[in-house]
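Asker: If you scroll down you'll find the structure; I have some questions about it.
No lab work stands behind these numbers, since they all come straight from the coordinates. This is a predicted model, so every value here is computed, not measured. Here the Cβ is made from the backbone with ideal geometry for all residues, glycine too, and neighbour counts use every protein chain on show.
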């Protein structure tokens with residue numbers, strides 16, 4: 001009976017959230033409706049995590065992590081393009097702010113809290129250094145090519161790429177992401193599976209029979225519906241978030257951070273739940289895979305969209321952001337190279353995440 005109720009709830013929540021989205025889209029809801037939107041936003045997040053786990057169980061790792069990361073990123077890209085089309089010149093730095101926020105949230109926030117949970121559970125979190133290191137190297141390269149170099153190029157004044165430079169960055173980002181997916185899913189799939197001594201081997205759920213193709217297909221469809229609802233409802237909440245940010249005296253860029261936090265909630269919860277079950281590698285696949293997808297898919301999409309968009313496209317990070325990115329990469333290398341992490345590494349990443357959030361609010 002409990003299982004039936006759970007399935008019914010996770011089926012109804014995405015559909016109801018989508019209905020709320022259709023009723024409130026294009027309007028600035030009042031306080032009561034903002035609360036309702038928030039409730040269904042949370043319900044959509046929880047439903048997305050459930051259906052992502054069903055799909056992941058069916059297709060296995062690392063395909064399950066890839067499905068959730070790519071699904072969230074594609075919808076996130078659509079949201080960014082929509083906001084840039086409707087926002088005009090005021091959204092010139094929206095893509096940069098969103099992509100950088102996603103990178104900091106995933107590499108420091110999601111990775112840090114996953115290691116924290118795993119270290120509390122097993123004292124030492126173990127994972128495959130080969131695959132995790134390759135993922136971090138790809139994230140660092142993508143971030144440098146697309147977010148750091150525009151600050152130093154001279155093709156155009158300001159932190160912008162010229163047309164040719166933007167095209168090169170977009171092609172390079174797609175090539176790197178495509179190469180990584182090939183390595184992750186075909187040539188070196190074993191690098192992204194749990195380490196030999198990973199305690200997931202003792203997890204009975206890891207050996208439970210996978211769902212049927214029909215159940216997995218149904219969950220995949222509801223996962224997409226859930227993610228559409230989550231991103232859309234996050235956009236509906238954005239006016240209230242903007243008012244709150246303005247009342248707190250924080251810069252406009254903080255809005256992007258809050259929205260990115262909402263959009264990445266499904267991946268965060270999925271990663272934490274995996275860490276609680278001892279599946280550290282799954283958590284790391286989710287965190288670094290999401291960062292990589294956010295950069296490797298968003299920048300090419302924005303590059304294509306910039307053909308029709310008016311105004312500049314600001315991609316170069318500021319000095320504070322570049323310092324945070326540099327120390328994140330350095331700390332990330334020291335975390336993943338041993339293939340083992342303790343509470344200390346988790347704490348360092350979480351402090352960096354806290355510094356990013358604090359400086360976004362109080363630059």
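Asker: Which value does Rg/Rh take for the stretch 2-361 over its C-alpha atoms, Rh per Kirkwood?
Answerer: Rounded to two decimals, Rg/Rh equals 0.96.
Asker: What is the distance, in nm, between label points placed 7 Å from the Cα along the Cα-to-Cβ direction at residue 167 and at residue 354?
Answerer: Distance between label points: 4.8 nm.
Asker: Provide, as a two-decimal number, the C-alpha radius of gyration of the stretch 15-57 over 2.2 N^0.38 Å, N being how many residues it has. Could you put the intermediate results ahead of the total?
Answerer: Numbers: Rg = 12.5 Å, N = 43, 2.2 N^0.38 = 9.2 Å.
Rg over 2.2 N^0.38 Å, computed on Cα atoms: 1.36.
Asker: For the stretch 148-196, what percent of Cα pairs sit more than 18 Å apart? Before the final figure, lay out the partial values.
Answerer: Numbers: 597 of 1176 pairs.
Pairs farther apart than 18 Å: 51 percent.
Asker: Quick one: among 229, 137, 326, which has the greatest mean-square fluctuation in a GNM of the chain with alpha-carbon springs under 10 angstrom?
Answerer: 326
Asker: Taking the Cβ of each residue in 188, 57 as the centre, tally the other Cβ atoms inside 10 Å and list the residues starting with the fewest.
Answerer: 188, 57
Asker: Just to be sure I understand: with springs between alpha-carbon atoms less than 10 Å apart, which residue in 139, 245, 107 has the highest mean-square fluctuation in the Gaussian network model of the chain?
Answerer: 245
Asker: Sticking with this one: Taking 7 Å along the Cα-to-C-beta vector as the label spot, tell me the residue 121-residue 25 distance in nanometres, rounded to one decimal.
Answerer: The modelled label-to-label distance comes out at 3.7 nm.
Asker: How would you rank 35-44, 111-120, highest first, on the average number of other Cβ atoms within 10 Å across their residues? Mind dumping the intermediate values first?
Answerer: On the way: 35-44: 18.9, 111-120: 24.2.
Top of the packing list down: 111-120, 35-44.
Asker: Relative contact order for the stretch 253-363: what percent, with Cα pairs under 8 Å and sequence separation of 6 or more?
Answerer: Taking the mean separation of contacting Cα pairs over the length of the stretch 253-363, I get 27 percent.
Asker: As a footprinting exposure proxy, order 235, 30 by other Cβ within 10 Å, with the fewest listed first.
Answerer: Fewest to most other Cβ atoms nearby, the residues stand as 30, 235.
Asker: Given an 8 Å cut-off on Cα distances and at least 6 residues of separation, report the relative contact order of the stretch 2-361 as a percent.
Answerer: For the stretch 2-361, the relative contact order is 39 percent.
Asker: Report the semi-axes of the equivalent ellipsoid for the stretch 270-363 in whole Å, largest first, where each axis is √(5λ) for an eigenvalue λ of the Cα gyration tensor. Walk me through the intermediate numbers first.
Answerer: Working: eigenvalues 173, 70, 28 Å².
Gyration-tensor ellipsoid for the stretch 270-363: 29, 19, 12 Å.
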